[in-house]
Amino acid sequence: MSYYFSKVLNDSFEDAIDKVTRGLKEEGFGILTEIDVKETFKKKLDVNFRKYRILGACNPEMAHKAISEESKIGTMLPCNVIVQETEEGKTEIAAVDPVASMSAVGNKELGDIAGEVRSKLKSVIERLA
């Protein structure tokens, strides 16, 4: 089982971030965190790295259900979505598969919630063009 799903776009890096952010919003997600990996690696390690951003996406309704069902599941939230520059000059967007990441918990109700979140995230990725 893959732990993510992805799509490669011909869009610029910033346009891809805008598109995925809008798509997430349409599915009820907001961005709680944004980590600029390129900037962090440069600042902390003095390493040059490609454009790579981690978006911490959260759907409050789904998060509430999950935390109500499994109090420690917050350790696996938010759902990460990455936007990265490829070697070919394109932009790849990938989202975590919450079913894969939460399968270790062994809670059927949580699995059902993860399935709903998977469906929403997968829809966002599939609609990107």
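Things to note:
- Any hit, the range 67-85, residues being in contact with a Lys or Arg (Cβ under 6 Å, 6 or more places away or on another chain) and acidic (Asp, Glu): yes
- The set of residues from the range 73-101 being in a helix (DSSP H, G or I) and closer than 20 Å to GLY28 by Cα comprises ILE73, GLY74, MET76, PRO98, VAL99.
- Within the range 67-118, considering residues that are of a type in the set (Lys, Arg) and within 19 Å of ALA57 (Cα to Cα), the one farthest from the chain's Cα centre (by Cα): LYS72
- For the range 41-66, a tally of residues being more than 25 Å from MET102 (Cα to Cα), touching a Phe, Trp or Tyr at 6+ places or on another chain (Cβ under 9 Å) and assigned to a helix (DSSP H, G or I) returns 2.
- Qualifying residues in the range 38-61 (those that are in contact with a strand residue (DSSP E or B) (Cβ under 9 Å, 6 or more places away or on another chain) and among the aliphatic types (A, V, I, L, M)) - the one surrounded by the fewest Cβ atoms within 10 Å (Cβ to Cβ): ILE54
- Cβ-Cβ distances below 7 Å connect the following pairs, each with a first residue in the range 92-108 that is of a type in the set (Asp, Glu), a second residue that is modelled with pLDDT of 95 or more and surrounded by 20 or more Cβ atoms within 10 Å (Cβ to Cβ), and a separation of six or more residues or different chains: GLU92/GLN84; ASP97/ARG118.
- Flag if LYS122 is assigned to a helix (DSSP H, G or I), among the basic types (Lys, Arg) and either surrounded by 15 or more Cβ atoms within 10 Å (Cβ to Cβ) or touching a residue at least 12 places away in the same chain (Cβ under 8 Å) (or both): yes
- Among residues of the range 1-37, those that are polar (S, T, N, Q) and either crowded, with 17+ Cβ neighbours inside 10 Å or touching a Leu at 6+ places or on another chain (Cβ under 7 Å) (or both), counted: 1
The values are calculated or read from the model by the stated rules, or taken from the named source; none is laboratory data. Keep in mind the model is a prediction, meaning the values are calculated, not measured. All Cβ positions, even for glycine, are placed from backbone atoms using ideal geometry, and neighbour counts span all protein chains on display.
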